[in-house]
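Working notes, structure below.
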Amino acid sequence: MAVSNRIKTIAGTLIAVAIVYLAVLNLVDRVNWEQLDEGIDWVQREDSLLVGSVQDLPRRLGIAPGDILLDINGMRVTNLNEYTRLLESFSEPTRGEVIADYTFRKSDGGEITVPLVLTAESGLQAGDPWLIASAFVFLGIGLFIFLRNGQARGAFHFYLICLIAFC
């Protein structure tokens, strides 16, 4: 019975170490990842992208909700996948800002081409540090209970719940 508990303790600790290692790799990737943004929220339609909402700068350039995106820098864009791939191709060689020419079909049928500044934004959101800290607190509590009193009834299950909350 003691050998079984020791194996369970060692396995549980190794699993926690492996998951923490993977979490740190993920966190480093998210910190270094940047996404380009031009200040427009898009709505996917059958064969086109529509402007959903617009921040102040694109609005001052004449872009309004309901406008249809035709192309970016002369490359046709008909869905969110094409749009995302195109933005990723802009972000690879540079850091910081990129200027791209967006062509829209207005609601009156006319077309406009507008140069938009694409700014790089971090992959982390404002609330992410608190979520990360609380995940490590959950894991720490679960590990503490499990390693301190692993034979207690429900200690292993409590540890597993904390481990899942960490993930």
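The values are calculated or read from the model by the stated rules, or taken from the named source; none is laboratory data. Worth saying up front: this structure is predicted, and the values here are computed from it rather than measured. Neighbour counts run over all protein chains shown; Cβ positions are idealised from the backbone, glycine included.
Looking for whichever is loosely packed, with under 14 Cβ neighbours inside 10 Å, within 30 Å of Lys8 (Cβ to Cβ) and not β-branched (Val, Ile, Thr) here; the options are Leu131, Leu147, Leu143. Which one fits?
Leu131
Which of the residues that make up segment 95-110 are out of contact with any Phe, Trp or Tyr (no Cβ under 7 Å at 6 or more places or on another chain) and either over 30 Å from Asp29 (Cα atoms) or touching a residue at least 24 places away in the same chain (Cβ under 8 Å) (or both)?
Correct list: Arg95, Gly96, Asp101, Tyr102, Thr103, Phe104, Arg105, Lys106, Ser107, Asp108, Gly109, Gly110.
Consider Trp42 carefully, then state whether it is loosely packed, with under 15 Cβ neighbours inside 10 Å, of a type outside the set (Lys, Arg) and farther than 30 Å from His157 by Cβ.
In short, no.
For segment 88-100, enumerate the residues that are within 17 Å of Ile40 (Cβ to Cβ) and at pLDDT below 85.
Hits for segment 88-100 are Glu88, Phe90, Ser91, Glu97, Val98.
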